[in-house]
Amino acid sequence: MKVLVTGGTGFIGSHTCCVLLEEGHEVVVIDNFSNSSKEVAEKIKEISDRNITLYEGDVADKDLLRGIFANEKIDVVIHFAAYKAVGESVKLPLKYYRNNLGNTLSLLEVMDEYNCKRLVFSSSATVYGTPEALPIKESFPLSTTNPYGTTKLMIEQILKDLAKADPTWSIAILRYFNPIGAHPSGLIGENPNDIPNNLMPYIVKVANKELEILSIFGDDYDTKDGTGVRDYIHVMDLAKGHLKAIEKVMKETKIDCYNLGTGEGYSVLELVETFKKVNNIDVPYQIVSRRPGDIAACYADPSYALEELGFKAEKGIEEMCKDAYNFIIKNKE
Ligand code: UD1
């Protein structure tokens, strides 16, 4: 199949491209490199020993998209391209609404023009807000706590309205839990340029002595050790979930949502201790106050994705911790 991947050089996008190429699919990427680089495209080719077609530009640019659809005979689209920093979205909401909603609307309009109506959309467990119970099922009520999350929820609604108006659309909405880890080659991974907001990139920078100390946001939650609990999923497992999702939208015409998580919750302290142990390296930390907007615990009920997509995450947190650090070591060299 020929797959258009928007944001294909980003963290999840790049790993998904590798898995698609490995499965024999043809990959066309559109990316403006706003949070990645052209080098990642080279690394994807190196890992898979195959070529990708790369278009540099913005997904909001309808003329560029029209050119792609006219040239390429795309079978299915995986839409990753989006801004994703929660804190920034609170400060600059218009930037997030303009980009995340604007580029999705352009994409959907051009897909419609070219009668390409199969889509996998990159959503997030953030759409469950503060979950009413655990583990989280797809049927739970939806709400958000920041503009980034609201863009994901609004796009889910746009897609549902679209599929209702035109049932020939086939759409899989993937709600990711917390993706970490990196490709086992160490060639691609997550490497934020700024001070990271998320836990694993921060741990890695402390281990690597680029940052002095990890601040753990609260140890007084109602969880096993008082620190926040999350469902960490290896980015390679997550990438495989996208493979299952494109198979689904090709064979069944419907819209549906799927949790992509492991179903296991680990605390911040458990993740830090595992990271220290498997990499044999120190990660100094201090306990500080809670981060506003954080919830105590969040983990998936992954059974619907198993039933409907045949997807099951296989890698454990030890491998996630090893691969995340391996990427940084390799990058340093
Ligand atoms: C965050 C976003 C979520 C987004 C996801 C992407 C919020 C409210 N949610 O999820 O929308 O989809 O990232 O992966 O921001 N922690 C520390 N110290 C740190 C950083 C984090 O103790 O320096 C703790 C947090 O309090 C939390 C856990 O680590 O308990 C995970 O945090 P993080 O990696 O930021 O992910 P989420 O907040 O779950």
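The values are calculated or read from the model by the stated rules, or taken from the named source; none is laboratory data. On a predicted model such as this, the values are computed, not experimentally measured, just so you know. Here the Cβ is made from the backbone with ideal geometry for all residues, glycine too, and neighbour counts use every protein chain on show. What goes into the accessible areas is simple: the full protein's heavy atoms, side chains included, and nothing from ligands, DNA or RNA. Shrake-Rupley method; radii C 1.70, N 1.55, O 1.52, S 1.80 Å.
Looking at (1) within 16 Å of the ligand (Cβ to nearest atom); (2) buried (at least 17 other Cβ atoms within 10 Å of the Cβ), can you tell me which one K248 breaks?
Here K248 clears every test but (1).
If F311 meets every condition in (1) within 16 Å of the ligand (Cβ to nearest atom); (2) surrounded by 14 or more Cβ atoms within 10 Å (Cβ to Cβ) apart from one, which number is that one?
(1) is the only condition that F311 fails.
Tally time: how many residues in segment 187-210 are assigned to a loop (DSSP other than H, G, I, E, B), crowded, with 17+ Cβ neighbours inside 10 Å and more than 9 Å from the ligand (Cβ to nearest atom)?
Counting residues in segment 187-210 that are assigned to a loop (DSSP other than H, G, I, E, B), crowded, with 17+ Cβ neighbours inside 10 Å and more than 9 Å from the ligand (Cβ to nearest atom) gives 5.
Determine which single condition D231 fails, assuming it passes every other condition in (1) surrounded by fewer than 17 Cβ atoms within 10 Å (Cβ to Cβ); (2) within 13 Å of the ligand (Cβ to nearest atom); (3) of a type in the set (D, E).
Evaluating D231 over (1) surrounded by fewer than 17 Cβ atoms within 10 Å (Cβ to Cβ); (2) within 13 Å of the ligand (Cβ to nearest atom); (3) of a type in the set (D, E) leaves (1) as the failure.
For segment 287-329, give me each residue that is of a type in the set (D, E, K, R) and assigned to a helix (DSSP H, G or I).
E307, E308, E318, E319, K322, D323 - these are the residues of segment 287-329 that are of a type in the set (D, E, K, R) and assigned to a helix (DSSP H, G or I).
Select from segment 127-164 the residues that are among the aliphatic types (A, V, I, L, M), under 20 Å from the mean Cα position of the chain (by Cα), surrounded by fewer than 19 Cβ atoms within 10 Å (Cβ to Cβ) and away from the ligand (no atom under 16 Å from the Cβ) and list them in ascending order.
Correct list: I158 only.
Which one of the conditions (1) within 16 Å of the ligand (Cβ to nearest atom); (2) in a strand (DSSP E or B); (3) more than 28 Å from A41 (Cα to Cα) does L174 fail to meet, given that it meets all the rest?
Condition (3) is where L174 drops out.
Answer with yes or no whether L269 is hydrophobic (A, V, I, L, M, F, W, C), open to solvent by 10 Å² or more (accessible area, probe 1.4 Å), more than 30 Å from T9 (Cβ to Cβ) and in a helix (DSSP H, G or I).
yes
Just one of Y285, Y299, Y325 is within 22 Å of I136 (Cα to Cα) and aromatic (F, W, Y); which is it?
Y299
Could you check segment 275-307 and list, in sequence order, the residues that are over 19 Å from E212 (Cα atoms), open to solvent by less than 50 Å² (accessible area, probe 1.4 Å) and either away from the ligand (no atom under 16 Å from the Cβ) or β-branched (V, I, T) (or both)?
V278, I295, D301, P302, A305
When G181 is evaluated against the numbered criteria (1) crowded, with 22+ Cβ neighbours inside 10 Å; (2) away from the ligand (no atom under 13 Å from the Cβ), which criterion, by number, is the only one it fails?
Unmet condition: (2).
A quick yes/no check of all residues on (1) among the acidic types (D, E); (2) closer than 19 Å to C116 by Cβ; (3) more than 14 Å from the chain's Cα centre (by Cα):
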site	(1), (2), (3)
D166	yes, yes, yes
E190	yes, no, no
I195	no, no, yes
L199	no, no, yes
K244	no, no, yes
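When you scan segment 235-251, do you find a residue that is in contact (Cβ under 8 Å) with a residue 40 or more places away in the chain and assigned to a loop (DSSP other than H, G, I, E, B), even just one?
no
Kindly list the number of the only condition in (1) within 16 Å of the ligand (Cβ to nearest atom); (2) within 22 Å of H242 (Cα to Cα) that fails for N103.
So N103 meets the others, but not (1).
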